Amino acid sequence: METSANGMKRLLWIGFLTAATLLATGVFACAIPFAALAALAALDTEHNDGVWLVGAVWLANQIYGFTVLGYPMEMQAFAWGLFMGIGAIAAYYAARAAVSVAKPYGLFAMLLASLSIAFLAYEVALFVGTLALPRGEGAFNYDVVLYVSIVEVAAFTALLIAHRLAVATGLVDRNAIERAA
């Protein structure tokens, strides 16, 4: 019984983060903080649902973007969505590896490593997109990367606070950073 209750809590957490992302999609459009989300998921080392979380948020973002925000129904827009999804999944696995490596060095190292490496992996996927897709050069320039990095840091901070509140209310268990502190 407890296992199914924990599973339901995890689904509620994934649903909450997905809904929060949909709200953020209206504000940030293509600058959705997938690296921050991937870093948060990677810090949850006892659960193997990070890919589900990142994938659900990516899919919700794409559906919302194409149906509500009016993303153009063209191959380039679909391809950019695919590169964003690949980047988000790569960010999760990269952040997961970074957390494992940084764990012996403490809380700050895990936080810094998880977000930094997730951001790098995500941006590499987007950079590859600029090489593979026509009209991609505007998606990867200094101003865009700077803006996205600010969004990622702010979102990561907000996600850590939301996770702490979810732990306090019993919605989710403590994660790697909370166990290390």
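General observations
- Set 159, 131, 112, 120: member being in contact with a helix residue (DSSP H, G or I) (Cβ under 6 Å, 6 or more places away or on another chain) and assigned to a helix (DSSP H, G or I): 159
- Test result for residue 85, exposed (fewer than 15 other Cβ atoms within 10 Å of the Cβ) and of a type in the set (Gly, Ala, Ser): no
- Selection status of residue 71, loosely packed, with under 14 Cβ neighbours inside 10 Å and more than 14 Å from the chain's Cα centre (by Cα): no
- Segment 69-84 - residue that is touching a helix residue (DSSP H, G or I) at 6+ places or on another chain (Cβ under 8 Å) and outside any helix (DSSP H, G or I) and, of those, farthest from residue 134 (Cα to Cα): 69
- Close contacts from segment 105-129, counting a first residue that is closer than 15 Å to residue 40 by Cβ and a second that is of a type in the set (Asp, Glu) and crowded, with 16+ Cβ neighbours inside 10 Å, with Cβ to Cβ under 7 Å and a gap of 6+ residues or different chains, come to 115/152; 119/152.
- Restricting segment 35-86 to residues that are without any contact (Cβ under 8 Å) to a residue 40 or more places away in the chain and charged (D, E, K, R), the residue that is nearest to residue 13 (Cα to Cα) is 49.
- Of the residues 90, 132, 97, the single one that is under 25 Å from residue 22 (Cα atoms) and at pLDDT 85 or above is 90.
- Note on segment 44-68: among residues that are surrounded by 15 or more Cβ atoms within 10 Å (Cβ to Cβ), among the polar types (S, T, N, Q) and over 22 Å from residue 174 (Cβ atoms), the one that is modelled with the lowest pLDDT is 61.
The values are calculated or read from the model by the stated rules, or taken from the named source; none is laboratory data. Being a predicted model, the structure only gives us computed values, none of them experimental. All Cβ positions, glycine included, derive from the backbone under ideal geometry; neighbour counts span all protein chains shown.
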